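The values are calculated or read from the model by the stated rules, or taken from the named source; none is laboratory data. Just so it is clear, the model here is predicted, and its values are computed rather than measured. As a convention, Cβ positions derive from the backbone with ideal geometry for all residues, glycine included, and neighbour counts pool all protein chains shown. Just the protein is used for accessible areas: all its heavy atoms, side chains included, with ligands, DNA and RNA removed. Shrake-Rupley method; radii C 1.70, N 1.55, O 1.52, S 1.80 Å.
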Amino acid sequence: MTNHPPGEHLLDAPHHDGSEQYVGEATPALGDAVPIRLRVPGQGRERAVWVRAVVDGEPRRIEARLDRADDAGRWYVAELPIHNPVTAYRWLLDEPGGYRWVNGTGAHAREVIDAADFRLTTYAPPPGWTAEAVVYQIFPDRFARSPQADERPLPDWAEPTAWDTPPDGRSAATPHQFYGGDLGGIEANLDHIERLGANTLYLTPFFPGRSNHRYDASTFNAVDPLLGGDAALASLTAAAHRRRMRVIGDITTHHTGSAHEWFRAASADPNCPERGFYHWLDQPNRIDREPYATWLGVETLPKLNWDAPKLWERMIDGPDSVIGRWMREPYLLDGWRVDVANMTGRYGRDDHAREVARRLRATVLAANPQGLTVSEHFHDAADDVMGDGWMSNMNYSAFTRPLWTWVVEPDCPLDFLGIPAPIPRRGAPSMVASMREFTARYPWKVATRLWNMLGSHDTPRIRTVTGSAPLAEVATAALLTMPGTPALFMGDEGGFTGDVGEAGRRTMPWEQIGQGGGSGWQGDVFDSWRSLIAARQGSRALREGGLRWAFIQDDAIGFLRETAKERVLVVLARAPWAGMRLPLTGAPELLAGGTLCGTPTLHMTGQALTISGDGPAIGIWRLG
């Protein structure tokens, strides 16, 4: 990324991204030639502009021509040949004194690696509805109880816990604390989710297991009776669909529980078909201390062996597979989030991960052409989300991790998402550089549909990370204004806290929610979320526009989200900052400001906008 001193705007930098102003066709066919454009603002020093495209593994040079000049600068266009399913390219500006490359991380007056090149692919994009999706993650045991919950007998593993008792995040009881939330309770409280503005439910597993998290399934053929059984899922999805909401399930393709019917059969009979579904070890090792492979040494989670042809048939291939069955009538799931997708099918020399992704996707689309698959990777997932495999990914690497380093409370003792060190507090240049570097690895049509998150059921709560409600609101504004599909974990909209994932899996305090607030529910936080979601849903630029950085200071950032017909300026500050003068015109209309933090002051002076240096603060303006 080009370095700029504090106070200097970035709008004079040449710019390209995958949005509609710059790419003529996001999903071309082989043999097409796609017009792509580069915007070069300012007076202009370029003698020529070229595109470097990689065709059959060899870089080729394509000359661009000046297409037009307007108030935004000069627009160059080139015809990009689509000869391979994935076409990587970058721009070259020939200027006096040298040249600059323009790739997904910015403009560089030096040589750059190919990993950050822009990419166009012939593979189908995620379904169109994901552009307007706001995902609401639900941990079923903790959301709400229906009246029927009290009538169900409890299994031996469950430790009944009063609804208002905080969960224990660090003990042997943690996976066994049972609060009794069920699918009927979710259905009865869809009004809350709709009022918030979310429109996509993501349910963590609904299959029976021997824990409250249910990632240790004992069968994939039934909904847990503790949640209301099969009929409750059918009723919930039907009720959600009537409200034009979608419902995403959660599946473990990496492992089952040790109580799973497949594993019990395999353990009892070495000659049964299910025996091949698992990795059996002649000599247990330091990771897998049992006579079978596991997830990270957890004996209750035996790892599936995708060398077994019958496993494909049972699990992911066709309408009668696990994946297909729950997308058919009467359940009609709208897709799947895939747990530990990065480890699925990978063991020693085996690597079936991409084939699992492709075939699972095919089954989903056969059941529902608008179906979605979302993988779980905590790290760089671009290689697995590039083509016809997973459609999206939980975006810890390119969003959650970098954002946390910017909004984290000083001297916060929380470890950094699996790194055995505290979350570092860094300035915005570091955050933005990380975001751009990771995002550049994805095609734009995929990058803009990654699930951006402030946290999940596996992480501390954002309110605990930031240490304050105003900073958490700044983080929320980033979630709702940056490219990607925003996803929140239930309770974030009420200011829930928790220093580890399990401690953050708190129950929803429905009485307080109905009263507008209380000791366990912050009504002003809920109002802030509603306002920011409404701003996003009211602006196509915030949902689908390109991203152009306007300025990056240690304590504040500004960026433009742009379509051909709309331009929105977003300013986010974590602390008081130096202020900024931007060469932008157009009467500003405030779409959303701070509810818990401040709102920067913006003045139009001639051909520029001047923004004050208040903070923490957020401001979102549509520019006429």
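When residues of the stretch 272-289 are filtered for being in a loop (DSSP other than H, G, I, E, B) and closer than 18 Å to VAL340 by Cβ, how many remain?
3
Can you pull out every residue in the stretch 586-610 that is among the polar types (S, T, N, Q) and free of Cβ contacts under 8 Å to residues at least 60 places away in the same chain?
THR599, THR601, THR605, GLN607, THR610
Does GLU46 fit the bill of being farther than 28 Å from LEU584 by Cα, open to solvent by 20 Å² or more (accessible area, probe 1.4 Å) and out of contact with any helix residue (DSSP H, G or I) (no Cβ under 7 Å at 6 or more places or on another chain)?
It is false that GLU46 is farther than 28 Å from LEU584 by Cα, open to solvent by 20 Å² or more (accessible area, probe 1.4 Å) and out of contact with any helix residue (DSSP H, G or I) (no Cβ under 7 Å at 6 or more places or on another chain).
Kindly indicate which of ALA69, ALA124 is of a type in the set (A, V, I, L, M), open to solvent by 30 Å² or more (accessible area, probe 1.4 Å) and either within 29 Å of TRP336 (Cα to Cα) or in a loop (DSSP other than H, G, I, E, B) (or both).
Only one candidate passes the filter, namely ALA124.
I need the helices (runs of 4 or more DSSP H) fully contained in the stretch 459-526, keeping only those with at least 1 residues that are without any contact (Cβ under 8 Å) to a residue 24 or more places away in the chain.
The qualifying helices (runs of 4 or more DSSP H) are 510-515.
Which residue pairs have Cβ atoms closer than 8 Å, lie 6 or more positions apart in sequence or on different chains, and pair a first residue in the stretch 112-140 that is within 30 Å of GLN177 (Cβ to Cβ) and β-branched (Val, Ile, Thr) with a second residue that is open to solvent by 40 Å² or more (accessible area, probe 1.4 Å) and part of a helix (DSSP H, G or I)?
VAL134/GLN537
Taking the stretch 566-596 only, how many residues are open to solvent by 20 Å² or more (accessible area, probe 1.4 Å) and in a loop (DSSP other than H, G, I, E, B)?
12
Restricting attention to the stretch 598-615, does a residue exist that is under 24 Å from GLN537 (Cβ atoms), at pLDDT below 95 and either open to solvent by 40 Å² or more (accessible area, probe 1.4 Å) or of a type in the set (Lys, Arg) (or both)?
No.
Would you mind stating whether ASP168 is assigned to a helix (DSSP H, G or I), in contact with a strand residue (DSSP E or B) (Cβ under 9 Å, 6 or more places away or on another chain), surrounded by 15 or more Cβ atoms within 10 Å (Cβ to Cβ) and touching a residue at least 24 places away in the same chain (Cβ under 8 Å)?
no
Please go through the stretch 239-263 and give me each residue that is in contact (Cβ under 8 Å) with a residue 60 or more places away in the chain, in contact with a Gly (Cβ under 8 Å, 6 or more places away or on another chain) and open to solvent by 20 Å² or more (accessible area, probe 1.4 Å), ordered by number.
Result: ARG246, single match.
Of all the residues that make up the stretch 463-481, how many are open to solvent by 10 Å² or more (accessible area, probe 1.4 Å) and under 16 Å from the mean Cα position of the chain (by Cα)?
Qualifying residue count, the stretch 463-481: 0.
Regarding ALA198, is this residue out of contact with any Pro (no Cβ under 6 Å at 6 or more places or on another chain), at pLDDT 95 or above and either part of a helix (DSSP H, G or I) or aliphatic (A, V, I, L, M) (or both)?
Yes: the conditions hold for ALA198.
On the given criteria, is TYR292 more than 19 Å from PHE207 (Cβ to Cβ), open to solvent by 10 Å² or more (accessible area, probe 1.4 Å) and aromatic (Phe, Trp, Tyr)?
So TYR292 fits the description; yes.
Please work out if HIS83 is assigned to a loop (DSSP other than H, G, I, E, B), touching a strand residue (DSSP E or B) at 6+ places or on another chain (Cβ under 8 Å) and open to solvent by 60 Å² or more (accessible area, probe 1.4 Å).
Spelling it out, HIS83 is indeed assigned to a loop (DSSP other than H, G, I, E, B), touching a strand residue (DSSP E or B) at 6+ places or on another chain (Cβ under 8 Å) and open to solvent by 60 Å² or more (accessible area, probe 1.4 Å).
Residues that are buried (at least 22 other Cβ atoms within 10 Å of the Cβ), touching an Asp or Glu at 6+ places or on another chain (Cβ under 9 Å) and not in a strand (DSSP E or B): does the stretch 142-156 have at least one?
For the stretch 142-156, residues buried (at least 22 other Cβ atoms within 10 Å of the Cβ), touching an Asp or Glu at 6+ places or on another chain (Cβ under 9 Å) and not in a strand (DSSP E or B): present.
Consider ALA266 against the criteria (1) surrounded by fewer than 17 Cβ atoms within 10 Å (Cβ to Cβ); (2) in contact (Cβ under 8 Å) with a residue 12 or more places away in the chain; (3) over 24 Å from GLN370 (Cβ atoms): it satisfies all of them except one. Which criterion is unmet?
So ALA266 meets the others, but not (1).
Here's a check for you: in the stretch 9-50, which residue that is free of Cβ contacts under 8 Å to residues at least 60 places away in the same chain, of a type outside the set (A, V, I, L, M, F, W, C) and assigned to a strand (DSSP E or B) is farthest from TRP549 (Cα to Cα)?
PRO35
State whether the residues of the stretch 246-258 include one that is more than 28 Å from the chain's Cα centre (by Cα), among the polar types (S, T, N, Q) and not in a strand (DSSP E or B).
yes
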